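The values are calculated or read from the model by the stated rules, or taken from the named source; none is laboratory data. Owing to the predicted nature of the structure, the values given are computational and were not obtained by experimental measurement. Positions of Cβ are backbone-derived with ideal geometry, glycine not excepted, and every protein chain shown enters the neighbour counts. With ligands, DNA and RNA removed, areas are computed over all heavy atoms of the protein, side chains included. Shrake-Rupley method; radii C 1.70, N 1.55, O 1.52, S 1.80 Å.
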Amino acid sequence: MSRHARFLIVDGHSVIFAWPDLRKLHARRSSLARESLIKRLRGYQDWTGVRVIVVFDGKGAQVTATSDPHDIQIFYSRKGQTADSINERLASKYATRFDLTVATSDYLEQQTASAFGAECISPAILREILEEADSRAR
């Protein structure tokens, strides 16, 4: 068993557009897709103890973050900045100190996070992990 805390960083929009059910919700209203993904990630964190960070592309003047000590952390990039850059910065800062996994479909982001020592998974693998954790929780 690892002595390091475990973290999962999720590229929110990458996952939303990779999962057909979330992509469909996004077509109706983007907030529905975000809320559905956040709900699933919250359940995963509650069941496994893996700390979850989800990053979305934002439109504001600065990076915004919402976090409760026992909830997942949610970041929105500022206008003109991508979620990818936040994910890469988090990987560069924390991959050597924690067991860090990054979930994204962006190949360049995967390469960058891997270079910093993070494990990278695709949105399809993330879905399998979440479904397995959900089935165990029942």
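Things worth noting here:
- FRET efficiency, Arg51 to Arg29 (Cβ-Cβ, R0 30 Å, nearest 0.05): 0.60
- Amide hydrogen neighbours beyond the local backbone of Val102, cut-off 5 Å, H modeled: Ile9, Glu119, Cys120, Ile121
- Proximity of backbone amide H atoms, modeled 1.01 Å from N, is registered between Ala5 and Asp99 at under 5 Å, excluding neighbours fewer than 5 places apart on the same chain.
- Using the Karplus relation 6.51 cos²θ - 1.76 cosθ + 1.60 with θ = phi - 60°, the per-residue 3J(HN,Hα) values for segment 11-21 come to 7, x, 5, 4, 5, 4, 7, 8, 9, x, 5 Hz, with x marking Gly and Pro.
- Options Ser77, Leu126, Leu41, ranked by Cα towards positive dipole end of the chain, top entry (Cβ charges): Ser77
- Within-13-Å neighbourhood charge of Ile9 [Cβ basis; K, R +1; D, E -1]: -3
- As a length-normalised measure over Cα pairs under 8 Å and 6 or more apart, the relative contact order of the chain settles at 27 percent.
- Per residue, the solvent-accessible area of segment 91-131 (1.4 Å probe, heavy atoms of protein chains only, all protein chains present) comes to 54 Å².
- The local environment of Val54, defined by Cβ-Cβ distances under 12 Å, has a net charge of +1 under the rule Lys, Arg +1 and Asp, Glu -1.
- For segment 1-120, radius of gyration divided by Kirkwood radius, i.e. Rg to Rh on alpha-carbons: 0.95
- Mean ellipticity per residue at 222 nm, deg cm²/dmol - from DSSP H runs of n ≥ 4 across the chain, formula -39500 (n - 2.57): -16000 deg cm²/dmol
- Across every direction, the projection of the convex hull enclosing the Cα atoms of segment 5-60 has a mean area of 4.2 nm².
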